[in-house]
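> Below you'll find the structure I mean.
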Amino acid sequence: MTQFSQPLDLRDRCHAAATTVIMMAKLTQGSLPETRVTTKQRGEWQTTSDSARRTEALGAALGALLAPGDVICLSGALGAGKTVFSRGIGAGWGATVPLTSPTYNLAHEHERPADKARLYHLDCYRLGGAREAELLGVHEILEDYVIVIFEWPERVLDILPDEHLWIDFSLREDDGRDLRFSAIGARHLTGLNELRRALG
């Protein structure tokens with residue numbers, strides 16, 4: 001038992017009590033359990049587009065920054081500009097064939113001749129949920145460490161990686177588009193910041 005030769009003030013008492021708890025924990029358990037706090041880094045940014053050309057240019061700027069493992073989720077109503085934006089991504093990334101809507105095929109695979117890198121463009125509009133997506137091989141695509149673009153990602157939320165870049169497209173009364181970017185995870189937050197710098 002710890003002996004004290006003189007009266008202790010409150011601070012000393014607290015320190016002594018804490019020291020005793022730590023010593024007892026080490027004696028009974030070997031050491032105190034390590035506490036780890038994990039929070040995913042997040043970031044948001046919003047911009048507007050007044051034309052299909054501008055929307056495609058924004059996509060091209062993003063496409064030029066993408067790397068294997070990046071997951072891009074494009075959400076918005078029909079005609080909001082998701083496929084136009086995807087076409088821009090493909091052009092900026094270096095696809096030799098323009099990206100078009102894969103609605104009836106679910107997925108289009110694109111290869112970049114320069115380094116054989118691959119990009120998958122998925123349209124989940126007709127899927128009934130994550131289970132159906134798994135049966136069609138989406139999980140295998142995600143495990144293949146390639147770039148993946150999801151249109152209508154809200155239909156397969158349960159299969160999406162925790163870390164991704166989510167972009168919401170909304171129509172404006174002046175026929176323009178609002179694009180809201182939400183980055184989850186360090187790599188996608190870094191990519192979003194690089195995109196903002198590239199666009200000035």
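> Can Glu134 be described as within 26 Å of Arg177 (Cα to Cα), touching a residue at least 24 places away in the same chain (Cβ under 8 Å) and not aromatic (Phe, Trp, Tyr)?
So Glu134 does not fit the description; no.
> Checking the structure you have, find out if any residue of segment 105-121 is modelled with pLDDT of 95 or more, among the hydroxyl-bearing types (Ser, Thr, Tyr) and either assigned to a helix (DSSP H, G or I) or more than 14 Å from Glu56 (Cβ to Cβ) (or both).
yes
> Another question, then. If the Cβ limit is 7 Å and pairs must be 6+ apart or interchain, which residue in segment 107-121 that is among the hydrophobic types (A, V, I, L, M, F, W, C) pairs with which residue that is surrounded by fewer than 15 Cβ atoms within 10 Å (Cβ to Cβ) and not in a strand (DSSP E or B)?
Close Cβ pairs satisfying both conditions: Ala117/Pro68.
> Which helices (runs of 4 or more DSSP H) does segment 128-200 wholly contain that include 3 or more residues that are at positive phi and in contact with a Lys or Arg (Cβ under 9 Å, 6 or more places away or on another chain)?
none
> Follow-up question, since we're still on this one. Collect the residues in segment 48-87 that are over 18 Å from Val146 (Cα atoms), part of a helix (DSSP H, G or I), over 18 Å from the mean Cα position of the chain (by Cα) and not aliphatic (A, V, I, L, M), keeping them in residue-number order.
From segment 48-87, those over 18 Å from Val146 (Cα atoms) are 48-58, 61, 75-85; that's our starting set.
In the following step, the residues that additionally are part of a helix (DSSP H, G or I) were identified as 52-58, 61, 82-85.
Okay, now just the ones that are also over 18 Å from the mean Cα position of the chain (by Cα), so 52-57, 83-84.
Within segment 48-87, Arg53, Arg54, Thr55, Glu56, Thr83 qualify.
> Now a separate question. Given the options Val97, Val146, name the one that is of a type in the set (Val, Ile, Thr), free of Cβ contacts under 8 Å to residues at least 24 places away in the same chain and either under 21 Å from Leu195 (Cα atoms) or surrounded by fewer than 19 Cβ atoms within 10 Å (Cβ to Cβ) (or both).
Answer to the selection: Val97.
The values are calculated or read from the model by the stated rules, or taken from the named source; none is laboratory data. In this text the structure is predicted, and so the values were computed from the model without any measurement. Note that each Cβ is placed from the backbone with ideal geometry, even for glycine, and that neighbours are counted across all protein chains shown.
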